[in-house]
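Chemist: One structure, as structure tokens, below. Some questions next.
The values are calculated or read from the model by the stated rules, or taken from the named source; none is laboratory data. Predicted model, so just to flag it, every value in this text is computed and none were measured. Note that each Cβ is placed from the backbone with ideal geometry, even for glycine, and that neighbours are counted across all protein chains shown. These accessible areas exclude ligands, DNA and RNA; they are computed on the full protein's heavy atoms, side chains included. Shrake-Rupley method; radii C 1.70, N 1.55, O 1.52, S 1.80 Å.
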Amino acid sequence: MDKKLLLDLKKEYELKRLKAIERAEQKKIEIYSKYPKLQEIENSLSRLSIETAKSILLHNSSQSAINSLKNDFSKLKSQKIELLNSLGIKEIDLEPVFSCKLCSDTGYINQNGTSSMCNCLKQRIFNIEYNKSNLGNLEKENFSTFRLDFYSNEVNSEKYRSKISPRENILKIKSISEKFIEKFDSPEEKNLIFMGNSGLGKTFLSNCIANELLKKGKTVLYQTAPIMLEQIINYRFDKPNCNPDIVDNLLNVDLLIIDDLGTENINSMKFTELFNILNSRLLNQYHKITKTIISTNLTLQNIYSIYDERIASRIVGYYTVCKFFGEDIRFKVIN
């Protein structure tokens, strides 16, 4: 990981956290100036907290005296809550509103004496180092902007080799995608492979899924197959400017989206690296649930003819195949 990038992000997080605290303090000042009784209770609570802490640390008070201080504190706390309720104010309204509730905008979570990077900071790094423009359309490409009318209701078995219409088909795929999101943490839920020509909504639906999982605090990493495999090869050969975390991130990210499978230059080394990524994520070797979405213009027959048996068998056995068909919706968007 780029140390400068991490340092800059830590500063960004610290500033964001301080601003949230400042806004909360300003809100407190405004409320307390309007309701002086609240300020009185708050001052008394602060004084009792300090007295109790001193008594415990200095061992200069009896246990009964300490219990008395705690009892007074509890009574004042109840008075404060009652007064806030009477004013239609919740106690949480006086607390800072952090963008990430898990780490309180610190970027790190402390559990059982150990500190680990929060998913929000991981995702920020992924967005800068990998996703950049790839997931830049999430505000526009989500389930709320899904356009069913872009898909024909006409059944054309000769043209599409299907007994259902493009609209019925995309509704089935949308339902599969929603189940994938809902059951994401289930080991039984399969990965997804989106197959079909360009302009049928594969990337759009991938972004819809990414959007919902990001809301759930999951990390998402988007890579086109050619760039992903080139980055891995560069790392293996220790080439300049390669990302030393690329393989670890590809294996550990909650959702990996591999776009344009089949457009990469094929060689045995890339076969091996692609298999290692797909297989390692399936084996759950890091003891966490990870899922993968593959998007490709290839058919299953193409995959069997281009890739070796190991890769094809992993896809067939562990991925739900979603075949997209219909007219190119990009022209409909333009029109």
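Chemist: Taking 8 Å as the Cα distance limit and 6 or more residues as the minimum spacing, I'd like the relative contact order of the chain as a percentage.
Modeler: Details: 378 pairs, mean separation 60.8, N = 335.
So the answer I get is 18 percent.
Chemist: Got a sec? What order do L213, L251 fall in by accessible area at 1.4 Å, biggest, i.e. largest, first? Intermediate values should be presented prior to the final figure.
Modeler: On the way: L213 0, L251 20 Å².
Order by accessible area, largest first: L251, L213.
Chemist: Using modelled backbone amide H atoms (1.01 Å from N, in-plane), which distant-in-sequence or interchain residues come within less than 5 Å of S295's amide H?
Modeler: It is F194, I258, D259, D260, L261, by chain and number.
Chemist: Which whole number in µm²/s is D for region 242-316 by Stokes-Einstein, with the Kirkwood Rh taken over Cα pairs at 10 °C and 1.306 mPa s? Write down the numbers at each step before the final one.
Modeler: On the way: Rh = 13.1 Å.
In µm²/s, the coefficient is 121.
Chemist: If Rh is defined by the Kirkwood formula over all Cα pairs and Rg also comes from Cα, what ratio Rg/Rh do you get for region 87-210? Working shown, then result.
Modeler: Values: Rg = 20.5 Å, Rh = 18.3 Å.
Taking Rh as the inverse mean 1/r over Cα pairs, Rg/Rh reads 1.12.
Chemist: Also: DSSP beta bridges in the chain, what fraction antiparallel, as a percent rounded to 5? Walk me through the intermediate numbers first.
Modeler: Working: 4 of 23 bridges.
Of those bridges, close to 15 percent are antiparallel.
Chemist: Provide the solvent-accessible area of R17, counting protein heavy atoms only and rolling a 1.4 Å probe, rounded to the nearest 10 Å².
Modeler: Accessible area, nearest 10 Å²: 80 Å².
Chemist: Same structure again: Sorted by accessible area with a 1.4 angstrom probe, largest first, how do K3, K190 fall? Write down the numbers at each step before the final one.
Modeler: Values: K3 170, K190 85 Å².
Result, largest first: K3, K190.
Chemist: Now a separate question. At a probe size of 1.4 Å, how large is the accessible area of I109, to the nearest 10 Å²?
Modeler: Roughly 40 Å² of I109 is accessible to a 1.4 Å probe.
Chemist: For region 19-71, I need the span (max minus min coordinate) of the C-alpha atoms along each principal axis, in Å, sorted largest to smallest.
Modeler: Principal extents (largest minus smallest coordinate, Cα): 39, 25, 12 Å.
Chemist: Over the Cα atoms of the chain, what Rg and Dmax result, in angstrom?
Modeler: Just the Cα atoms of the chain yield Rg and Dmax of 27.1, 91 Å.
Chemist: Hey, another quick one. How large is log10 of I(q)/I(0) for region 137-212 at q = 0.16, 0.18, 0.23 Å⁻¹ when the intensity is taken from the Debye formula with one equal scatterer per alpha-carbon?
Modeler: Here the Debye-derived log intensity ratios amount to -0.64, -0.79, -1.14.
Chemist: Taking the Cα centroid of region 69-92 and of region 183-252, what is the distance between the two, rounded to the nearest whole Å?
Modeler: 49 Å
Chemist: To make sure I understand the rule: partners must be lysines, Cα under 22 Å from the Cα of K90, and not fewer than 8 residues away in the same chain. Which ones qualify?
Modeler: K90 reaches K19, K27, K28, K34, K37, K75, K77, K80, K101.
Chemist: Rounded to the nearest 500, what is the chain's calculated 222 nm mean residue ellipticity when only DSSP H runs of at least 4 contribute -39500 (n - 2.57) each, over all residues?
Modeler: On the way: 13 runs with 180 residues, N = 335.
So the helix-based figure for the chain works out to -17500 deg cm²/dmol.
Chemist: So for S104, S62, what's the accessible-area order with a 1.4 Å probe, most first? Before the final figure, lay out the partial values.
Modeler: Details: S104 35, S62 65 Å².
Heavy-atom accessible area, descending, gives S62, S104.
Chemist: Separate question: Which order do the peptides 143-151, 175-183 come out in when sorted by mean C-beta neighbours inside 10 angstrom, highest first?
Modeler: Values: 143-151: 13.7, 175-183: 15.6.
Top of the packing list down: 175-183, 143-151.
Chemist: While we're on this one: Any chance you could count the Lys pairs in region 229-325 whose alpha carbons are under 27 Å apart, treating pairs 8 or more apart or on different chains as valid?
Modeler: On the way: K239/K270; K270/K288; K270/K291; K270/K323; K291/K323.
Total qualifying Lys-Lys pairs in region 229-325 comes to 5.
Chemist: Helix 202-215 against the longest principal axis of the chain: what's the angle in degrees, Cα atoms only, rounded to the nearest 10?
Modeler: The angle comes out near 20 degrees.
Chemist: Note the angle between two axes, namely the Cα long axis of helix 166-182 and the longest principal axis of the Cα atoms of the chain, as a number of degrees from 0 to 90, rounded to the nearest 10.
Modeler: 40 degrees
Chemist: What number in nm² do you get for region 188-335 if you take the convex hull of its Cα atoms and divide its surface by four? Walk me through the intermediate numbers first.
Modeler: Numbers: hull surface 40.0 nm².
Averaging across all directions leaves 10.0 nm² for the Cα convex hull.
Chemist: How much accessible surface area, in Å² rounded to 10, belongs to the heavy atoms of R23 with a 1.4 Å probe?
Modeler: Taking all protein chains as shown, R23 has close to 150 Å².
Chemist: Okay, moving on. Can you list, largest first and rounded to whole Å, the semi-axes you get for region 22-162 by taking the square root of 5 times each eigenvalue of its Cα gyration tensor?
Modeler: Numbers: eigenvalues 570, 103, 45 Å².
Rounded to whole Å, the semi-axes are 53, 23, 15.
Chemist: Looking only at Cβ-Cβ distances, which cysteines of the chain have no other cysteine closer than 4.7 Å?
Modeler: Singleton cysteines: C208, C242, C322.
Chemist: Now for a separate question. Could you provide, to the nearest whole Å², the per residue accessible area of the chain with probe 1.4 Å?
Modeler: Details: 19320 Å² over 335 residues.
Computed with neighbouring chains in place, this is 58 Å² per residue.
Chemist: Taking the chain as a Gaussian network, where each spring joins two C-alpha atoms under 10 Å apart, which residue of K174, K218, K70 fluctuates the most?
Modeler: Among K174, K218, K70, the largest mean-square fluctuation in the Gaussian network model of the chain belongs to K70.
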